[in-house]
Structure formats: C-alpha cells, structure tokens
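Here's the structure we're looking at; comments come further down.
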Amino acid sequence: MRQYLDRAFVQICRAVLAVGLALLPAAPAPCSPAPTTPSIGWADVAARVIPGTVNILIVKVVGSYRKDKNDEKDPADTVGQRKRYVGSGFIVDPSGIIVTNRHLIAGALWITVRLEDGTELPAELVAASPVVDLALLKVDAGRPLPALRLAARGAVRVGDPVLAIGDPLALGTSLSAGIVSGLQRDLMNTPFDDYVQTDAAINHGNSGGPLIDAAGEVVGVNTILLTNQPNEGSNGLGFAISSTVVAAALRHLLHPAQRPIGWIGVQLQGMTPNLTHALALPLAGGFIVTGVDPDSPAQQAGIGAGDVILRYGGRTAPNARALMRDIATTKIGRIMPLALWQKDHIRQVDVTVRTWPQVSEAPADVVANPTDALGHAPPDLGLLLAPISPIARRAFKLGERKGVLVVAVDQMSEAYSRGLRTGAVIERIQEHAVKSPAEATRLIRADRLPLVALLVRWDDGAHWVVLHTGLAEPTPARTARGPRAATGQDAVGPATPAR
C-alpha cells in the first residue's frame, strides 16, 4: 500500500460530484508524482481508520430556465432535475454521529450514508454549524459503529506525515499521503478559519473526509482545494478544518444550549496598506465592517458597512479571526463597549451580545443557470457588470442584495486572481454605494485613483477587494494619512470548497 501511495499520480477528482460526470478534458495538464512522504506503515493505520469513514450520497434538485418568445428567461418556468452527488465523512460517536462539511449537504433532498462494509443507511441532519463549514449527521445502524478520535490541540506539526481519506469520483474509499505544509491558515472563508494545509491530494470527492496523522487520529476535516481554474484537481494545496475547531464545533452542535456562540451580527475584514490607501483612511489597523446582519445588535447600535472597529471590550485584537472568537466566547447578554471609526471620527457604542442564529439547511429552490444580461465594463478591471434585474435576482438567488451584478470576469485580469466570479455583487466602490454599472464606471474614473476598493458580496459574506485601475496617481488629498495598517494580503474571494 505504501509503495503504491508513494508512486501515486494526482489527477482530477470531485468532492461533491454529479455521478454522471465522466470525461476528462482532451488535453489535461501534465501530472507529476505525489511528493514522497516519510516512511510510515500506512497500511496498518488505514486498516484501523477506514472502518470509521463513510461515503455520503446526496440528492439535490437542479434546473435551468426556459426562454419565452422574447428570449427572456422566466424564473417561474424551470425544468427541475434530481441529481446525485457524492462526498465523505467520518464517525465520531458509536451511536452513529457523523461529521461532514456543511456545503456538502446544503440543500439536500435526501442523504444516504454508505458504511465501509457497503451498508447504506438513511441519514438525518442533526445540526449545521452557523460559523464553520461543518455539519453533523445521524444514522441508526442497530449496532455500535467504529468511531475515530480527534487529535488534541498542538498534536500536529509542520512536516508531519498525514493521510487524506475520501470518495473521489464515486470510486469508493481512496487514500492519498502527504505532509502537513502549514498550520493556522486563514483563507477568509469564515471568521474562524483555522486550516491545516497539506500536499496530500484533497480532490473533489474528499469533502468531509478525515485527514489522519500517523497515530490514526483526525487532525482535520478535508474541505478546500486551491486551484488556478474551476474544476481542476489537486495541485498540492489542500486544506482541512483543524481538529481544534472541529472539537469546539462538536461541543456547540451537540449541546447548543450549554455552549452558545456569541454574536453581534457583523462581518469583518482586516485592514491592509492597500485598503487603507484606497479608502484614504487616516488610521492604521482595525477591522473594516463588510456587512451587518438585519436586526442584529450591531445594526441596533448604528454600526454600518465601511465602519472600522478599533477595540472590543477595551482591547485590540491581533486579527479579525481573534476578534470574532472574542465575540463568540463573550457571555450571552453582556453589554460590550466598541470603539470604531465612523464618518471621520472615533465613536464609542455599546452592543449586547446575543446567541448566534441557527442556520437552516433545508432544500434550496431550483438552482438556475445564470442570466445572460449584459452591462458596462469599468476601465481596465476585466469586469462585465449588469443591473440586478428581477430575473437576475432569482437566477443568482440574490435575495434583497443591492449593488451591481458581475456577469463575466476576464480570466487574465487581476479581478479574477482576486476571486471575483460571475454572480458576485459589488455593493460599494470606495465609500459610495453603487446602483448601476454606469455609476460604477463613473465612480472609478472620477478621482483617477490608481487603486480602487470594491465591497464584493458572495454567498458566504462580503469582502473588500483592492484592484489597480491603471489610472493616474491620486492627488495628495486622497492619499492615506498617518501610519499604514499592519501588513497582510489584500482580500480575495472565498476559496473553492472541494465540491
């Protein structure tokens, strides 16, 4: 087994995969051998842990719009089709409790779990975490099931050998070996990101499966792969939610009343030098508010998008993730002071911490094909924008979002490299709310700024994205004043789940 793994070639695979997917591209990128891992008796480890892993079969409804005689797509007239998808999970309690990714089971009509012995059982969704990409399923096998053990905090180190287990391409349980490439990676997917990075092949099909150490313990839940193009397979950049986060999420999901998560209803992003420059803010550090939930404590306190939180409870936080964790662990009902930069001055407000609202993973509406509306392209940004029409609102499930819709992105553009994709909504340009593609172009051209900050909303929240415009340098009055913010990467869009 070890010799086979050492020679394995990494090609494409899918974590949430339509079973009907078959053909590879005619000219795939040349594959290269998987990195050599330290000599580990993986066969013995695999024999112990594979019985505690499961394959998950999902049924969802997808569809497309019919066009009417005016070549318009009618949102009310869809062609629904049930499709099967495949993912992974692992047992954490002999009673039949299974951990998997929330994105895997979101919108599922039916969930079936296949045990390692081939037994298929209907699964019930017990709970889905509102803050991390994790969900719990329950099956009744009529007998105790073999459960895997979560590794303790600090048990894994960079360079340690690991084994990723999953069900790529619905082939059945498969293994890939590698090492831990990095720890505590923040991919800006959630405020609580704490990923284990590995070069073990985490492909489409591995979502929800365990990342195992040499002791046979779970050090992470395979969740994300980073690729240059959509639908590519692993290129050695796989990410698993750390066992520390998994353990905390389990405590909350199994005992929500005893382990409530504090919430004030803000989405945050750390300030970077480019973002400070683009927004012409006279301060360094802090965390810019990218969104505020309706009827939340933050909204009731007058906090809005574009405000910068400087202190929470009288303390500064080293990063946005730490601040969100401070909020999450605050006692429910406690009134906390907040210092923030708002409209050119520092303001003090009080917020009452409430319990984080639960999320629903009920079946979603029919997934529609994108609208083909066209719009204006701001200069040199590589974006094609359109107004949010009623048809587009239904097609992209935009709800009540306001702004302009991204309908195309040049794959060679900086915008594409920053994560902008079709279906994203640009809500603000600099400090201005944007209502139309023409207004977006006007705002970008008005001050001839070399950098422009866009507040972009995806399904999982909003992020500020800084892009170069190719225009002239700003006047001194528009440059950032005072010390620059702490160093860090500019915001990028959400990483791709292994689905």
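Computed from the coordinates by the stated procedures, all read-outs in this text should not be read as laboratory data. These numbers come from a predicted model, not from an experiment. Methodologically, a virtual Cβ is constructed for each residue, glycine included, from the backbone with ideal geometry; neighbour enumeration extends over all protein chains shown.
Along Cα→Cβ, 7 Å out, is where each label goes; now give me the distance between the ones at residue 251 and residue 157 in nm to one decimal.
With each label point 7 Å from Cα toward Cβ, the separation is 2.6 nm.
What residues have an amide H closer than 5 Å to that of residue 165, excluding those fewer than 5 places away on the same chain, when H is modeled at 1.01 Å from N in the peptide plane?
Long-range HN contacts for residue 165: 212.
Once you order the gyration tensor axes a ≥ b ≥ c over the Cα atoms, which shape class does the range 187-334 get: rounded for a/c under 1.5, otherwise prolate or oblate by comparing a/b with b/c?
Oblate, because a/c is 1.5 or more while a/b does not exceed b/c.
Any chance you could run the full-extension gain for residue 389 through residue 354? It's 0.36 nm times the residue separation minus the Cα-Cα distance, nm to one decimal.
Residue separation times 0.36 nm, minus the Cα-Cα distance, leaves 9.1 nm.
Could you let me know the centre-to-centre spacing of the range 245-322 and the range 394-471, using Cα atoms, in angstrom?
So the two Cα centres are separated by 22 Å.
Is the range 383-478 best put as rounded, prolate or oblate by its Cα gyration tensor, with a ≥ b ≥ c the root eigenvalues, rounded for a/c under 1.5, and otherwise prolate when a/b is larger than b/c, oblate when not?
On the way: a/c = 2.03, a/b = 1.65, b/c = 1.23.
The shape class here is prolate.
Add +1 for every Lys or Arg and -1 for every Asp or Glu among the other residues with Cβ under 9 Å from the Cβ of residue 337, and state the total.
For residues surrounding residue 337, the net value is 0.
Any idea how far apart residue 120 and residue 215 come out in nm if each label point goes 7 Å out from Cα toward Cβ?
Output for this residue pair reads 3.8 nm.
Sum up the charges of everything whose Cβ sits under 15 Å from the Cβ of residue 218, counting Lys and Arg as +1 and Asp and Glu as -1, but leave residue 218 out.
-2
Give me the extension gain from residue 448 to residue 433: residue separation times 0.36 nm, minus the current Cα-Cα distance, reported in nm with one decimal.
Computed gain between residue 448 and residue 433 is 3.6 nm.
Take the alpha carbon gyration tensor of the range 262-355, find the square roots of its eigenvalues, order them as a ≥ b ≥ c, and report rounded if a/c is under 1.5; if not, report prolate when a/b exceeds b/c, else oblate.
Cα axes put the range 262-355 in the prolate bin.
Subtracting the Cα-Cα distance from 0.36 nm times the residue separation, let me have the gained length for residue 184 to residue 322 in nm, one decimal.
Length gained, residue 184 through residue 322: 48.5 nm.
Considering amide H positions built from the backbone, and no H for Pro or chain starts, which residues 5 or more places from residue 330, or on another chain, come under 5 Å of its amide H?
262
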